[in-house]
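Some notes on the structure that comes next.
Just so it is clear, none of the values below were taken in a lab; they were calculated from the coordinates. Just so it is clear, the model here is predicted, and its values are computed rather than measured. We place every Cβ from the backbone using ideal geometry, glycine too, and count neighbours over all the protein chains shown.
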Amino acid sequence: MRNLVSVSLLASDFSNLSDEIKRAEGAGVDWIHYDVMDGLFVRNISFGEPVLKSISKSISIPIDVHLMITDPIRYVENYAMLGAAGITIHYESTPDVQSVINKIRSLGCKVGLAVKPTTPISYIKSYISQIDMILVMTVEPGFGGQVFLSETLDKISEARELISSSNRDIRLQVDGGINAQTGELVRSHGADVLVSGSYLFSAEDMNKAVEILRG
Ligand code: DX5
Ligand code: ZN
């Protein structure tokens, strides 16, 4: 499977969102990564449904929604209605992961399951036959522009082994502190969907930065 690049809008110029989306799409990114934060599951508050509603008409590639919110089951339907191709929830954000997976599936979206840097991969093993993507967070979720945590590399390898043993088409996404150097590292450990915000939006040549990340 070809490596994919998902651009995080968190690092874009919010006063010009539709132009920023065009710029990223023109540079060849594969997905738009939309980070929803509620100030509870993570300290920060980003953006939610109204913003996605107004920018979704400017987006022509898959929307990759990353929900960093408590009790995500309350909102998955709304994001599906707003055109999410995939919805990723955090293992740590709900006592009933199974019901959220079922709900996302029933809405026809791809299911992603994310783990924070300190959550072991073994905790999500039992869901492997029902998900389309694992997201290994490579920073503590909540803010863009953080430094990549190299202690997450072993977990990326572990997640890759789990995916291989499942014999299913499951993507392995990484998110946080991804740039040219860390991008190469995570790919060599088995990641195949690289989320990037700061590195892409601050690049002098975004096309080239996308190519570099894709490897
Ligand atoms: C962090 C978010 C990331 C973030 C990545 O909690 O989930 O998607 O925007 O930003 P960079 O690439 O700047 O680390
Ligand atoms: Zn994210």
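Loop-located GluC sites (Glu not before Pro) in segment 158-215 (DSSP state other than H, G, I, E, B) with a sparse environment of at most 15 neighbouring Cβ atoms within 10 Å: 204. The distance separating the Cα centre of segment 12-83 from that of segment 95-172 comes to 19 Å. Taking 0.36 nm per residue of separation and subtracting the Cα-Cα distance, full extension of the segment from residue 51 to residue 207 would add 53.6 nm. When its C-alpha radius of gyration is set against 2.2 N^0.38 Å (N residues), segment 1-83 gives a value of 1.09.
Given R₀ = 22 Å, what would the calculated FRET efficiency be for residue 99 paired with residue 167, taking r from the Cβ atoms and rounding to 0.05?
Details: r = 26 Å, r/R0 = 1.17.
FRET efficiency, residue 99 to residue 167: 0.30.
Which whole-number percent gives the relative contact order of the chain, counting Cα pairs below 8 Å spaced six or more residues apart?
Relative contact order for the chain comes out at 21 percent.
For residue 57, a cut-off of 17 angstrom between C-alpha atoms picks up these lysines, skipping any fewer than 8 places away in its own chain: 22.
The local environment of residue 28, defined by Cβ-Cβ distances under 13 Å, has a net charge of +1 under the rule Lys, Arg +1 and Asp, Glu -1.
Fewest neighbouring Cβ atoms within 10 Å first, the residues 148, 47 line up as 47, 148.
If R0 is 45 Å, the Cβ-Cβ spacing of residue 81 and residue 181 corresponds to a FRET efficiency of close to 0.70.
Working note: Debye formula, equal point scatterers on the alpha-carbon atoms of the chain, no solvent; log10 I(q)/I(0) at q = 0.08, 0.10, 0.13, 0.16 Å⁻¹ is -0.24, -0.37, -0.66, -1.05. Here the chain is treated with +1 on each Lys and Arg Cβ and -1 on each Asp and Glu Cβ, and its dipole about the Cα centre works out to around 440 debye. Of the residues 124, 102, 188, the one whose Cα sits farthest towards the positive end of the charge dipole of segment 89-211 is 102 (charges of +1 on Lys and Arg Cβ, -1 on Asp and Glu Cβ, taken about the Cα centre).
Of 46, 157, the sequence from fewest to most neighbouring Cβ atoms within 10 angstrom is 157, 46.
When the helix-only estimate is applied to the chain (DSSP H runs of n ≥ 4, each -39,500 (n - 2.57), divided by the residue count), what is the mean residue ellipticity at 222 nm, nearest 500 deg cm²/dmol?
On the way: 8 runs with 69 residues, N = 215.
The per-residue figure over the chain is -9000 deg cm²/dmol.
For 138, 118, 94, 182, the sequence from fewest to most other C-beta atoms within 10 Å is 118, 94, 182, 138. Rounded to two decimals, the Cα radius of gyration of segment 15-135 over 2.2 N^0.38 Å is 1.06.
With coordinates expressed along the principal axes, the C-alpha atoms belonging to segment 111-215 extend over 43, 24, 22 Å, beginning with the largest.
Take the alpha carbon gyration tensor of segment 68-170, find the square roots of its eigenvalues, order them as a ≥ b ≥ c, and report rounded if a/c is under 1.5; if not, report prolate when a/b exceeds b/c, else oblate. The partial results should precede the final answer.
Working: a/c = 1.85, a/b = 1.26, b/c = 1.47.
The shape class here is oblate.
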